[in-house]
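Below is one structure; the comments refer to it alone.
The values are calculated or read from the model by the stated rules, or taken from the named source; none is laboratory data. Please read these numbers as outputs of a predicted model, since none were measured by experiment. All Cβ positions, even for glycine, are placed from backbone atoms using ideal geometry, and neighbour counts span all protein chains on display.
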Amino acid sequence: MFTGEYRHTVDDKGRIAVPAKFRVQLGAGAVVSRWLDACLAIHTQAGWDELAAKVAALPITSEASRRFQRFVFANAAEVELDRQGRILLPAYLRDHIGLTNEAVVVGSRDHAEIWLPATWATYGQDLDDPQELAQAFEGLGI
């Protein structure tokens with residue numbers, strides 16, 4: 001399970017250190033892709049395969065399923081951890097969210113996410129309003 005919030009730098013080559021807590025889960029390889037809410041997702045290989053199976057089960061006649069499939073899979077890259085526990089983020093993924101030299105890596109249960117610090121801060125402000133949260137979570141059964 002991916003949990004927590006971590007601040008990391010992105011070097012000139014586009015490498016970012018993966019939080020030490022996440023490295024064991026990603027040791028067998030990972031996939032980085034565009035994700036919802038203007039961030040990138042880091043999936044374990046098993047998690048990526050599970051997502052692919054769910055998407056494969058969607059009807060191809062559904063425009064929404066085709067759009068989701070293209071959004072995620074056309075903009076994904078297989079990555080491996082180097083000896084220092086970093087992954088190389090392709091330029092097209094960094095450019096998609098405007099990532100330059102600083103990032104926030106957050107756990108999101110079955111995957112991790114990479115955010116621009118300013119985008120994460122803005123998103124986090126929305127999480128601080130208890131009434132808005134209660135309304136947003138209503139009907140989830142939690």
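Below, the figures for the structure above:
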| item | result |
| --- | --- |
| Selection from region 20-60 of residues that are polar (S, T, N, Q) and loosely packed, with under 13 Cβ neighbours inside 10 Å | none |
| Every residue from region 48-82 that is of a type in the set (A, V, I, L, M, F, W, C) and assigned to a loop (DSSP other than H, G, I, E, B) | Ala57, Leu58, Ile60, Ala74, Leu81 |
| Enumeration of residues in region 98-112 that are out of contact with any His (no Cβ under 7 Å at 6 or more places or on another chain) and within 21 Å of Phe2 (Cα to Cα) | Glu102, Val104, Val106, Gly107, Ser108, Arg109, Asp110, Ala112 |
| Residue tally, condition exposed (fewer than 11 other Cβ atoms within 10 Å of the Cβ), part of a loop (DSSP other than H, G, I, E, B) and without any contact (Cβ under 8 Å) to a residue 24 or more places away in the chain, over region 100-142 | 6 |
| Residue check for Arg83: among the basic types (Lys, Arg), closer than 17 Å to Val31 by Cα and either out of contact with any Lys or Arg (no Cβ under 8 Å at 6 or more places or on another chain) or in contact (Cβ under 8 Å) with a residue 12 or more places away in the chain (or both) | no |
| Residue match in region 88-99 (condition: more than 19 Å from Phe22 (Cα to Cα), of a type in the set (Phe, Trp, Tyr), at pLDDT 95 or above and surrounded by 12 or more Cβ atoms within 10 Å (Cβ to Cβ)) | no |
| Which numbered condition Ala17 fails, given (1) exposed (fewer than 12 other Cβ atoms within 10 Å of the Cβ); (2) of a type in the set (A, V, I, L, M, F, W, C); (3) under 16 Å from the mean Cα position of the chain (by Cα) | (1) |
